[in-house]
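The values are calculated or read from the model by the stated rules, or taken from the named source; none is laboratory data. Only a predicted model underlies this, so the values are computations on that prediction, with no experimental measurement involved. Neighbour counts are summed over all protein chains in view; Cβ atoms, including those assigned to glycine, are modelled from backbone coordinates with ideal geometry.
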Amino acid sequence: MQKVNHVKKSELIVEKVLFLTAITAVFIIALIAAFVLISGWPILQKVGLPDFIFGMVWDPTNGIYGIFPMVVGSLLVTFGALLLGVPFGIAGAIFMAEIAPPKIAKLIKPAVELLAGIPSVVYGFYGLVVIVPLIREYIGGPGLSVLAGSLILAIMILPTILNLSETALRSVPQEYKEGSFALGANHWQTIKWISLPVARSGILTGVILGMARALGETMAVIMVTGNVARLPESLTDPIRTLTGNIVMEMGYASGEHQQALFATGVILFIFIMLLNIIVQVSSSKGRWQE
């Protein structure tokens with residue numbers, strides 16, 4: 001009886017510690033969000049939220065703060081990276097979880113995890129030395145462009161999408177697959193109609209985390225996109241992202257200029273939340289329809 005009581009007390013302590021840890025994490029996130037909002041709120045009040053978001057000119061010297069070109073730039077490179085990275089990430093996960101022999105999968109997995117550990121500045125340097133000159137020579141334009149940023153971000157988010165998708169696919173119960181085979185389905189049909197739908201929530205989590213990393217990435221994007229605060233007319237035109245704008249100007253900004261950069265962080269925070277909500281709602285609707 002004493003041993004049982006001791007186990008229950010231990011479990012209660014662990015439960016309280018985990019609850020306290022979760023509350024602390026939420027409090028820290030809320031504190032950061034409140035600090036950024038308070039710091040950027042004065043300029044949002046002065047300029048107005050619509051003019052700040054949809055303004056076409058960013059000229060802090062003359063007190064003009066419009067971030068729409070940076071909003072477009074961030075969304076273009078983010079969705080470009082998803083367009084390139086998601087298919088390869090899911091295909092790689094299917095190969096490693098369902099097709100590749102165990103020995104080959106064990107060789108590939110460390111290489112993928114190594115990609116996730118490479119610093120972003122190394123990706124940026126690779127893009128600047130290899131990808132940018134290739135775009136300039138074979139596609140046209142200055143090379144520093146939307147396309148270069150999308151390619152680099154696609155490579156950077158690939159390990160996140162691949163690892164989480166593979167884990168989700170491996171967690172599909174074997175009984176589901178055996179039932180599919182018993183009904184006459186072949187391997188690919190089982191993957192398409194059983195494994196992928198069952199693992200969809202895990203795959204979606206990988207896509208969301210990849211999207212968040214692409215939207216919040218700074219150093220690599222600064223090195224390959226050209227950092228021009230204007231709307232691009234094609235994928236080979238240079239752009240500036242929200243994160244790049246903050247990092248490039250925060251070091252010397254003061255007064256209203258600094259407040260505008262904090263307000264840019266507020267908009268970026270809101271965009272990340274909205275994108276996550278949209279993806280979650282779309283996923284919920286898909287599950288309900290099924």
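Observations on the model:
- Of the helices (runs of 4 or more DSSP H) lying entirely inside segment 178-230, those containing at least 3 residues that are farther than 25 Å from Val129 by Cβ span 187-190, 200-216.
- Some residue of segment 35-50 being in contact with a strand residue (DSSP E or B) (Cβ under 8 Å, 6 or more places away or on another chain), closer than 23 Å to Arg240 by Cβ, of a type outside the set (D, E, K, R) and surrounded by 10 or more Cβ atoms within 10 Å (Cβ to Cβ): yes
- One residue from Leu242, Leu231, Leu261, Leu274 being modelled with pLDDT of 90 or more and surrounded by fewer than 16 Cβ atoms within 10 Å (Cβ to Cβ): Leu231
- In segment 132-155, residue nearest to Arg240 (Cα to Cα) [restricted to those that are surrounded by fewer than 21 Cβ atoms within 10 Å (Cβ to Cβ) and in contact with a helix residue (DSSP H, G or I) (Cβ under 8 Å, 6 or more places away or on another chain)]: Pro142
- Tally, over segment 80-131, of residues that are surrounded by 12 or more Cβ atoms within 10 Å (Cβ to Cβ) and either outside any helix (DSSP H, G or I) or of a type in the set (Asp, Glu) (or both): 4
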